[in-house]
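Structure first, then comments.
What follows is calculated from the coordinates using simple rules that are stated; it is not laboratory data. Worth saying up front: this structure is predicted, and the values here are computed from it rather than measured. Using ideal geometry, Cβ is built from the backbone for each residue, glycine included, and neighbour counts are taken over all protein chains shown.
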């Protein structure tokens, strides 16, 4: 019979996917036009698994179902099947048209890097204080992604 593992930090990851279109205002390449991606989002938490026998979350850094709920509300509901544009493009979109009903305007250029930083902020604000965001990866294409890692 093995003993209970000693407390050690563990990193847990949950993967999410969403579809998002964007255009890079003023860009000097093909990304200036509206185009879409099937994004892959990896959320990594780090912590010591709960050691409370009998507790429903015993042995977990965080319940994956709880993390899924947080990411769904903070990120997926905002971005999935949306069109993300810089706010300087606002006058070019007829916002009361059904086709543009899910257009999101931002004060920043909607690059993979900036979307990633927005996602990090949204997740950090939504996580319970005992959960620690360790790293986030946003994959835009099969060969391109941006990573964020907490250096604390």
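Observations, loosely collected:
- Candidates 118, 77, 96: whichever shows maximal mean-square fluctuation once the chain is modelled as a Gaussian network with Cα springs under 10 Å: 96
- Once both labels are positioned 7 Å from their Cα atoms along Cα-to-Cβ, the gap between residue 113 and residue 147 label points is 1.6 nm.
- Column: log10 I(q)/I(0), Debye, Cα scatterers of the chain, q = 0.11, 0.16, 0.19 Å⁻¹: -0.51, -0.89, -1.15
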